[in-house]
């Protein structure tokens, strides 16, 4: 077990430090205590009378004072002492909550620091009624593990068990989860097991955290398969279990799993998924991956049609084809998805656009076959933190494209059988940007400025002299949503459009998704027009006709005997007006 263990007698402090024969425990306000060396590099010390609220740290032989890598809270940020937390002290109001089936989920990604003006766990509670009325059934929280400084996207975390103090205390996070569950809303957390941030990670000083056998975009890979790797694996797996059990979360989104390198007989991802599902028992707990390799093996279903490992994957392919359709942008990584409306059809019908084919821009083959998977194995979106933040100004689509185009792609992804995910503020046409931001020391800040410019130089705008400074507080402040704009007539109109679509989804689409298997979709395209048909539960069929262009187009007439559930634009005979979307259902 990582982190302190509380008992009636006091607290047992433990540290895995195999690089040192001795380690000391420092309790704030008292003298150093020698820790006892126990099996396999562990050191421990029992302190009678210690309890919740005790501040402590560890001291290694060279005098370096380090926080607990399993710290549950860092009141003075990543370089300060850790605080003992008693998770049992929080009284849950929704203890009987069992979660929701995956097909009912409508996700809403948010960043706790900028979702509200005040920011943090408690402030987010105030907006849950808005999300419930919108039709959201799951919030997807960007990473919260303790990071250095006062603002960060969250992917620079160094203490995975400690909710960042800039958002509040652990009990405040519990209160947010409790309040969400009381409204029927699931809570998912973005977790990062592929790297550690550049400031505040002390573990390499006393444990074999990294290995030279694997390389990642952040340097040496995490040691999940080499000598001394067992506790490192446990550190990640127990962290996943910790979020699901102690905070009653409904699921996790694992960041960039393609960068988790492991040659063990059972890959870390497989073991993590297996053990989290064992602990979850009968609860509806869902595991999601971000996977640039589009490895559909991680999404396989068992004979009963249930996920064996991971429930779903964020599907960048759907984003890319819909983004190109709405914006006509084909720079950078969009190039491989351009000039073919059939790619929109394939993404909607089969999941991945590239299922082992060569991608000219990337210069490699990508993906594995995905048509055998159910549509609910994919999460669709037209915006998320990366796709907005990777733009030089962090500008949202609403600020540079006509609303007709945005409405068309919105109507596609919100009513398709895939699981939809909105990005915060999208539902009312928020114009606040979401640029990348972080808060390090000045040396690291300069490296971030330079590195980000170089990394994204292939994208337009990153060579500008007035490029946003990702380390400036003003950049972070610019991302905060302005909720007062909900009173604006234009924003109210967009919000009503989203509510209408999600009402239709919950009424007409969700009941047809349970138990849907693979090979359920088929598509055809002609010019900029597409038609997609899905065979869903009970023999019902869902039909889509869409023209994603500024010119009239046709892909054939609508099937007879269908019940229209949504129409945007218009149709004359078999000619679809520009930016038209027609959804219909044939019932068995």
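The values are calculated or read from the model by the stated rules, or taken from the named source; none is laboratory data. Source: prediction; values computed, not measured. We place every Cβ from the backbone using ideal geometry, glycine too, and count neighbours over all the protein chains shown.
For this structure, a couple of remarks:
- Listed by position, the strands (runs of 3 or more DSSP E) contained in region 502-588 that have at least 2 residues being over 21 Å from residue 342 (Cα atoms) and modelled with pLDDT of 95 or more are 563-568, 580-586.
- Scanning region 135-173 for residues that are outside any strand (DSSP E or B), touching a helix residue (DSSP H, G or I) at 6+ places or on another chain (Cβ under 8 Å) and under 19 Å from residue 241 (Cβ atoms) yields a count of 3.
- Any hit, region 13-21, residues being part of a strand (DSSP E or B), surrounded by fewer than 19 Cβ atoms within 10 Å (Cβ to Cβ) and not assigned by TED's automatic domain parsing to the domain that holds residue 201: no
- Residue in region 33-46 that is part of a loop (DSSP other than H, G, I, E, B), more than 39 Å from the chain's Cα centre (by Cα), exposed (fewer than 14 other Cβ atoms within 10 Å of the Cβ) and free of Cβ contacts under 8 Å to residues at least 12 places away in the same chain present: no
- Test: residue in region 96-105 that is surrounded by fewer than 19 Cβ atoms within 10 Å (Cβ to Cβ), farther than 30 Å from residue 475 by Cβ, more than 20 Å from the chain's Cα centre (by Cα) and free of Cβ contacts under 8 Å to residues at least 60 places away in the same chain: yes
- Among the criteria (1) farther than 17 Å from residue 43 by Cα; (2) at pLDDT 95 or above, the one residue 217 does not fulfil is (2).
- Among the residues of region 48-62, those identified as within 16 Å of residue 4 (Cα to Cα) and either over 39 Å from the mean Cα position of the chain (by Cα) or not in a strand (DSSP E or B) (or both) are 48, 49, 50, 51, 52, 53, 54.
- Residue 228 vs. criteria on the phi > 0 side of the Ramachandran plot, surrounded by fewer than 20 Cβ atoms within 10 Å (Cβ to Cβ) and out of contact with any strand residue (DSSP E or B) (no Cβ under 6 Å at 6 or more places or on another chain): yes
- Qualifying residues in region 357-386 (those that are in a loop (DSSP other than H, G, I, E, B) and in contact with a strand residue (DSSP E or B) (Cβ under 6 Å, 6 or more places away or on another chain)) - the one surrounded by the fewest Cβ atoms within 10 Å (Cβ to Cβ): 366
- Residue in region 165-172 that is without any contact (Cβ under 8 Å) to a residue 40 or more places away in the chain, in contact with a strand residue (DSSP E or B) (Cβ under 8 Å, 6 or more places away or on another chain) and either over 20 Å from residue 1 (Cα atoms) or surrounded by fewer than 18 Cβ atoms within 10 Å (Cβ to Cβ) (or both) present: no
- Checked against the criterion of being touching a strand residue (DSSP E or B) at 6+ places or on another chain (Cβ under 7 Å) and in a strand (DSSP E or B), region 200-208 contains not a single residue that satisfies it.
- Total residues in region 307-345, condition crowded, with 19+ Cβ neighbours inside 10 Å and not in a helix (DSSP H, G or I): 9
- Check on residue 239, in contact (Cβ under 8 Å) with a residue 12 or more places away in the chain, assigned to a helix (DSSP H, G or I) and within 25 Å of the chain's Cα centre (by Cα): yes
- Number of residues in region 195-208 that are surrounded by fewer than 22 Cβ atoms within 10 Å (Cβ to Cβ) and in contact with a helix residue (DSSP H, G or I) (Cβ under 9 Å, 6 or more places away or on another chain): the value is 5.
- The one condition in (1) assigned to a loop (DSSP other than H, G, I, E, B); (2) touching a strand residue (DSSP E or B) at 6+ places or on another chain (Cβ under 6 Å); (3) without any contact (Cβ under 8 Å) to a residue 60 or more places away in the chain that residue 29 fails to fulfil: (2)
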